[in-house]
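The structure appears below as structure tokens.
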Amino acid sequence: MVDANGIPLAIKLTGANRHDVTQLLPLVDAIPPIRGKPGAPLRKPKLVMADRAYHSDPHRMKLSARAIATEIARRNTPHGSGLGIFRWYVEQTLALMHQFKRLRTRDDRDDEIHEAFMTIACAIMCWRRLHSSGGYF
């Protein structure tokens, strides 16, 4: 899960045979409190945008019950939802993660090792993005 600028907020390691929609709610739950404006830290996103792989009416209802708006493309509908211009940030973040050779092809048998390298890669990507922009807040 990334924010609107492509900064990774949460990652989840799963098997290749797991469907994307099963990980939507765990990813939303994994977002840490985000500081910014004065007051309590933001603990949930205001809006979740996703592609057709995440289309599920029960998941939409669960997010709606948490007061999280959704813009998820529906399956079996014509293309042109307009989410592609926002999806670019997610694809860019995945491409940046694949620049780390150790993550491009998984050779580690132990999940904890691979997840640790994913976490380090996300930390480096956050540092690079925030350092180059002169600050996030």
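Condition check ((1) surrounded by fewer than 16 Cβ atoms within 10 Å (Cβ to Cβ); (2) closer than 24 Å to Trp127 by Cβ; (3) in contact (Cβ under 8 Å) with a residue 12 or more places away in the chain; (4) touching a Pro at 6+ places or on another chain (Cβ under 8 Å)) across all residues:
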| position | (1), (2), (3), (4) |
| --- | --- |
| Leu9 | no, yes, yes, yes |
| Leu27 | no, yes, yes, no |
| Arg74 | yes, no, yes, no |
| Gln99 | yes, yes, no, no |
| Asp107 | yes, no, no, no |
| Glu112 | yes, yes, no, no |
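Could you list all residues from region 47-59 that are exposed (fewer than 15 other Cβ atoms within 10 Å of the Cβ) and under 15 Å from the mean Cα position of the chain (by Cα)?
Within region 47-59, Leu47, Ala53 qualify.
Identify all residues within region 52-73 that are among the hydroxyl-bearing types (Ser, Thr, Tyr) and under 16 Å from Asp29 (Cα atoms); write none if there are none.
Selection gives Tyr54, Ser64, Thr70.
Restricting the search to region 94-131, which residues are at pLDDT 85 or above and touching a Gly at 6+ places or on another chain (Cβ under 9 Å)?
Leu96, Met125
I'd like the full set of residues that are over 13 Å from the mean Cα position of the chain (by Cα) and among the aliphatic types (A, V, I, L, M), limited to region 96-117.
Answer for region 96-117, where residues must be over 13 Å from the mean Cα position of the chain (by Cα) and among the aliphatic types (A, V, I, L, M): Leu96, Leu103, Ile113, Ala116.
Quick check on region 73-95. Is at least one of its residues farther than 23 Å from Ala116 by Cβ, assigned to a loop (DSSP other than H, G, I, E, B) and among the acidic types (Asp, Glu)?
Within region 73-95 (the criterion being farther than 23 Å from Ala116 by Cβ, assigned to a loop (DSSP other than H, G, I, E, B) and among the acidic types (Asp, Glu)), the answer is no, since none of the residues qualifies.
Please pick out the residue among Lys44, Lys62 that is over 21 Å from Ala4 (Cβ atoms) and surrounded by 11 or more Cβ atoms within 10 Å (Cβ to Cβ).
Step by step, each of Lys44, Lys62 is checked, and only Lys62 is over 21 Å from Ala4 (Cβ atoms) and surrounded by 11 or more Cβ atoms within 10 Å (Cβ to Cβ).
Just checking, how many residues over region 11-24 are surrounded by 15 or more Cβ atoms within 10 Å (Cβ to Cβ) and either without any contact (Cβ under 8 Å) to a residue 40 or more places away in the chain or on the phi > 0 side of the Ramachandran plot (or both)?
4
Return the pair list, or none, for Cβ contacts closer than 8 Å from residues in region 116-137 that are closer than 28 Å to Arg106 by Cβ to residues that are charged (D, E, K, R) and at pLDDT below 90, at least 6 apart or on different chains.
As it stands, the answer is Phe117/Arg102; Phe117/Asp108, since those pairs meet every condition given.
What are the residues in region 1-30 that are closer than 17 Å to Ser64 by Cβ and of a type in the set (Val, Ile, Thr), if any?
Val21, Val28
The values are calculated or read from the model by the stated rules, or taken from the named source; none is laboratory data. As the structure is a prediction and not an experimental result, all values here were calculated from the model. Methodologically, a virtual Cβ is constructed for each residue, glycine included, from the backbone with ideal geometry; neighbour enumeration extends over all protein chains shown.
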